[in-house]
Amino acid sequence: MGANRFLLGIGGVAAALMSMFGQQACAQVPGTGDPIKGLVSRLDLERYKAAIKGLTQFGDRLQGTERNRQAVDWIEAQLKSYGCANTERLKYAYNGLPLRPQPGAAASTPVSIIASGEVRLGTGGSRLRGTMRPAIPNNDPNAQSDPALRALNAGPSMPGPRDEVFCTKIGATRPDEMYIVGAHMDGRGFGEAADDDGSGTALVMELARVFSSPDVVTERSIRFVLWNNEETGHDGARAYVAQRAPLQGKEDPPGSGSYPEPKWLGMIQHDMMLWDHGMPRADGTVSAEQRPEADINIEFQSSAKSADRAMKLAFIFRDANEKYATDYPAAVGNHMSNTDSNEFMDTVPAISLRENERGMQIGAGWNPHYHQPTDRYSSYSDKDFRLGLNAAQTTLAAIAQLSGATLRK
Ligand SMILES: [Zn+2]
């Protein structure tokens, strides 16, 4: 499709950014049927919720436990059932120390209010503002008040071998290049890790389902990865980079047309997609309702070697949100931190999508369920789940554009 029709199809800013990424247009002139709109309509709230619910049957999916291994098996079976047939596992070892119990740590840390003019820094280069709640992970299994969930989460975390699963949509004309779409499937806190990060894992699984449909064709490849060991410091993502970065773009065996590790064009991480209820009140309480101004926070890291291109990638996602997401807007920030995309950001444009900014907002305790026994499916309303669905719409639309997706007639 020609550039002029592309400019009609999506906004001029998006077109300019897309051309910087060297991408062809795939959006169409309004009225002739937009394949991306058709793809986005294949996502729905009930399917997204069901995927999160499915993950919560394995409790908090703490790394190194039997429930974590069962969750990896379940995710793999789901991906295969979607037709994402090229399902593989990355294997690595994690021998770090287990998380030590900190009973009552969160309760004993007071709410603090940052004074006018006081400069207090958060992670990723962020600056903290206003009222802060403690954001200390719960490491005490007995803090779970539901006996059935407490029993489900009772198995120990042991050092040793680890698996993480991924599958790939192979590009029709550029199988040697790919976008990586990721989320971490491990959790912590002795709840159900429904938001952190069942919500991101379900999003990636739903995108794998839509892109794996036999009538969807993409020019470039897309890899859907469910990282393990994020909560111990991105160990699963780091193992992936160490093992697979050197394989990028190599045809193997030569002449086969098969590329086990297509060249990385970008990495898009999804980590906590549900809760945006605003700043805590002065007494430390948080609104029970999703705030009407809730948005998706797309972050890149301004200190990364690929920062300039990551910033452009972030704005492609913001434009995709404006055109295709049904309910909630997206904002771009420059302090991406504390998630798997950090392991990629010096090699390739890397961004994260979240419910809030990681440094300034999640880091200030805006989400009272963060790493807590209350991070359960039942703690969230449809308004919360809908924020995650809108993030799925955003990434699906952006990746459809970037990978050159069309629908086979
Ligand atoms: Zn997380």
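Checking the condition in contact with a Leu (Cβ under 8 Å, 6 or more places away or on another chain) and open to solvent by 10 Å² or more (accessible area, probe 1.4 Å), which residue from 238, 244, 209 passes?
244
Taken as a whole, the condition of being among the aliphatic types (A, V, I, L, M) and in a loop (DSSP other than H, G, I, E, B) does not apply to residue 267. Within segment 142-158, the set of residues being part of a helix (DSSP H, G or I) and of a type in the set (D, E, K, R) comprises just one member, 150.
A Cβ distance below 8 Å, combined with a sequence gap of six or more or placement on separate chains, defines the contacts here; from segment 322-334, residues that are under 17 Å from residue 312 (Cα atoms) reach residues that are surrounded by 14 or more Cβ atoms within 10 Å (Cβ to Cβ) and acidic (Asp, Glu) in the pairs 330/295; 330/322; 331/295; 332/299; 333/299; 333/357; 334/299. Of the residues making up segment 217-224, not a single one is within 13 Å of the ligand (Cβ to nearest atom), crowded, with 20+ Cβ neighbours inside 10 Å and either under 26 Å from residue 385 (Cα atoms) or of a type outside the set (D, E, K, R) (or both).
Just give me the residues in segment 200-233 being assigned to a strand (DSSP E or B) and in contact with a Lys or Arg (Cβ under 9 Å, 6 or more places away or on another chain), in sequence order.
Just the residues of segment 200-233 that are assigned to a strand (DSSP E or B), to begin with: 216-218, 220-227.
If the condition is that a residue be assigned to a strand (DSSP E or B) and in contact with a Lys or Arg (Cβ under 9 Å, 6 or more places away or on another chain), then 216, 217, 218, 220, 221, 222, 223, 224 are the ones that fit.
Residues of segment 175-190 that are away from the ligand (no atom under 13 Å from the Cβ) and crowded, with 24+ Cβ neighbours inside 10 Å: 178, 179, 180, 181, 190. In this structure, does residue 233 turn out to be crowded, with 24+ Cβ neighbours inside 10 Å, within 16 Å of the ligand (Cβ to nearest atom) and of a type outside the set (D, E, K, R)? No; evaluated as a whole, the condition is false for this residue. Considering only segment 1-63, give the helices (runs of 4 or more DSSP H) lying wholly within it that have at least 3 residues that are modelled with pLDDT under 95 and open to solvent by less than 20 Å² (accessible area, probe 1.4 Å). Counting at least 3 such residues, we get 12-20.
Taking the conditions exactly as written (open to solvent by 10 Å² or more (accessible area, probe 1.4 Å), within 27 Å of residue 53 (Cα to Cα) and touching a residue at least 60 places away in the same chain (Cβ under 8 Å)), does residue 379 satisfy them or not?
yes
For every residue, the table says whether it meets (1) within 16 Å of the ligand (Cβ to nearest atom); (2) in contact with a helix residue (DSSP H, G or I) (Cβ under 9 Å, 6 or more places away or on another chain).
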| position | (1), (2) |
| --- | --- |
| 200 | yes, yes |
| 206 | no, yes |
| 252 | no, no |
| 290 | no, yes |
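The set of residues in segment 283-297 being open to solvent by less than 30 Å² (accessible area, probe 1.4 Å) and either farther than 30 Å from residue 341 by Cα or in contact with a Gly (Cβ under 7 Å, 6 or more places away or on another chain) (or both) consists of 284, 297.
The values are calculated or read from the model by the stated rules, or taken from the named source; none is laboratory data. No experiment lies behind these values; they were computed from the predicted model shown. Note that each Cβ is placed from the backbone with ideal geometry, even for glycine, and that neighbours are counted across all protein chains shown. Keep in mind that these areas ignore ligands, DNA and RNA; they rest on the heavy atoms of the full protein, side chains included. Shrake-Rupley method; radii C 1.70, N 1.55, O 1.52, S 1.80 Å.
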